[in-house]
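> Dropping the structure in here first, questions after.
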Amino acid sequence: MKILSLLGSPKKNGNTAHALNYLEEQLKQQNHEVKHIHVSSLSIEGCRECYWCKQEGNFLCCNNDDAIPILKEMVDADAILFSAPTFCWGFPAQMKALLDRMFCLLSWKEGDTESKSLLEGKTMALIVTAGGEVENNAELLGIAFNNMVEFMNCKSAGIVYIAPCEGIQSINDSIKQQLDKLSKNF
Ligand SMILES: Cc1cc2nc3c(=O)[nH]c(=O)nc-3n(C[C@H](O)[C@H](O)[C@H](O)COP(=O)(O)O)c2cc1C
C-alpha cells in the first residue's frame with residue numbers, strides 16, 4: 001500500500017514524531033511504501049472559501065501554495081496517516097489549514113444531492129499526543145478526524161492517543177502495542 005504520512009507537529013523530533021516514526025517503521029516492515037511529510041515546515045494557507053474548487057472543470061485549489069503537492073499526494077495514495085499534538089483542544093494551525101484545504105477534494109455539480117470524494121475508499125489513521133488527558137481534550141482531534149473520514153467517504157484504520165504524554169518515554173510498550181495493532185489495519 002502507498003501510505004502518505006503527515007506529521008502535524010512543529011517539532012520534527014518531538015513526541016508525535018517519535019510515535020509516528022515507530023509506526024512508519026512497522027508499516028515499512030510490512031512492505032508498505034511510506035512517504036513522510038513534515039506539514040508544519042511548509043507554507044499552507046487556510047481555505048479562502050471562494051468555491052473555485054466547486055466550479056466545473058477546476059481541479060484542486062486556485063491557491064497554488066504548498067498544500068497543492070500534498071493534496072495531489074493524497075489523491076495518489078492508498079492511505080493517509082495523520083499525526084498531531086493537541087494544541088488548544090484542536091489540531092496545530094498548520095495541520096488545520098491543510099485539513100480545511102481538503103474541502104477541494106470533494107466535488108459536486110449543481111443539482112447533485114451527493115458529492116464525489118477524490119479520496120473515496122482510502123484508509124485514514126490518526127496518532128494524537130497531548131500533555132493532558134484524552135477526555136474533552138485529545139479526543140476532540142479524534143472526533144474531527146472521524147467526521148473527516150466520513151465526509152471524505154474513507155475508512156478509518158483507527159486512532160492511537162498518547163495522552164497524557166510526558167515526553168518520548170510515554171511512547172512505552174503499551175503504546176507500541178497499540179501502534180503495532182494500528183499498523184495491521186492498513
Ligand atoms: C501551543 C500549545 C498548545 C497546547 N495545547 C494543549 C492542549 O490543548 N491540550 C493538551 O493536552 N496539551 C496541549 N499542549 C501540549 C502538547 O499537546 C504536548 O506537549 C504534545 O505531546 C507535544 O507534541 P510534540 O512534541 O510532537 O510537538 C499544547 C502545547 C503547545 C505548545
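> One residue is enough: does the range 51-63 have a residue meeting the conditions open to solvent by less than 70 Å² (accessible area, probe 1.4 Å), over 21 Å from PHE186 (Cα atoms), under 18 Å from the mean Cα position of the chain (by Cα) and free of Cβ contacts under 8 Å to residues at least 40 places away in the same chain? Full working, then the answer.
Initial filter on the range 51-63 (open to solvent by less than 70 Å² (accessible area, probe 1.4 Å)): 53-54, 58, 60-63.
Keeping just the survivors that are over 21 Å from PHE186 (Cα atoms) gives 53-54, 58, 60-63.
From what's left, under 18 Å from the mean Cα position of the chain (by Cα): 60.
Then drop every residue that is not free of Cβ contacts under 8 Å to residues at least 40 places away in the same chain, which leaves none.
No, the range 51-63 contains no residue that is open to solvent by less than 70 Å² (accessible area, probe 1.4 Å), over 21 Å from PHE186 (Cα atoms), under 18 Å from the mean Cα position of the chain (by Cα) and free of Cβ contacts under 8 Å to residues at least 40 places away in the same chain.
> Oh, and also: Could you grab me the full set of residues in the range 113-139 that are in contact with a Cys (Cβ under 8 Å, 6 or more places away or on another chain) and surrounded by fewer than 20 Cβ atoms within 10 Å (Cβ to Cβ)? Please lay out each step first, then the result.
To start, the set of residues in the range 113-139 that are in contact with a Cys (Cβ under 8 Å, 6 or more places away or on another chain) comprises 117, 119-124, 129-131.
Answer for the range 113-139, where residues must be in contact with a Cys (Cβ under 8 Å, 6 or more places away or on another chain) and surrounded by fewer than 20 Cβ atoms within 10 Å (Cβ to Cβ): SER117, GLU120, GLY121, GLY131.
> May I ask you to list the residues in the range 113-143 that are of a type in the set (Gly, Ala, Ser) and part of a loop (DSSP other than H, G, I, E, B)?
SER115, GLY121, ALA130, GLY131, GLY132
> Report, by residue number, each residue of the range 56-70 that is hydrophobic (A, V, I, L, M, F, W, C) and farther than 10 Å from ILE44 by Cβ.
The answer is PHE59, LEU60, CYS61, CYS62.
> Here's a follow-up. Going by the conditions given, is ASN146 away from the ligand (no atom under 16 Å from the Cβ) and either assigned to a loop (DSSP other than H, G, I, E, B) or buried (at least 20 other Cβ atoms within 10 Å of the Cβ) (or both)?
no
> Would you say LEU6 is modelled with pLDDT of 95 or more, assigned to a strand (DSSP E or B) and within 16 Å of the ligand (Cβ to nearest atom)?
Yes: the conditions hold for LEU6.
> Taking the conditions exactly as written (at pLDDT below 95, part of a loop (DSSP other than H, G, I, E, B), out of contact with any Leu (no Cβ under 9 Å at 6 or more places or on another chain) and more than 16 Å from the ligand (Cβ to nearest atom)), does ASN64 satisfy them or not?
Judged against the criteria, ASN64 is not a match.
> If the requirement is being within 16 Å of the ligand (Cβ to nearest atom), assigned to a loop (DSSP other than H, G, I, E, B) and more than 21 Å from PRO69 (Cβ to Cβ), which of these qualifies: ASN13, ASN21?
Only one candidate passes the filter, namely ASN13.
> Mind checking which residues of the range 71-112 are open to solvent by 10 Å² or more (accessible area, probe 1.4 Å) and assigned to a strand (DSSP E or B)?
Hits for the range 71-112 are PRO85, PHE87, GLY90, SER107.
The values are calculated or read from the model by the stated rules, or taken from the named source; none is laboratory data. Fair warning: this is a prediction, and the values are worked out from it, not measured in the lab. Positions of Cβ are generated from backbone atoms using ideal geometry, with glycine treated the same way; all protein chains shown enter the neighbour counts. When the accessible area is computed, the model is the full protein with side chains, heavy atoms only, and any ligands, DNA or RNA have been set aside. Shrake-Rupley method; radii C 1.70, N 1.55, O 1.52, S 1.80 Å.
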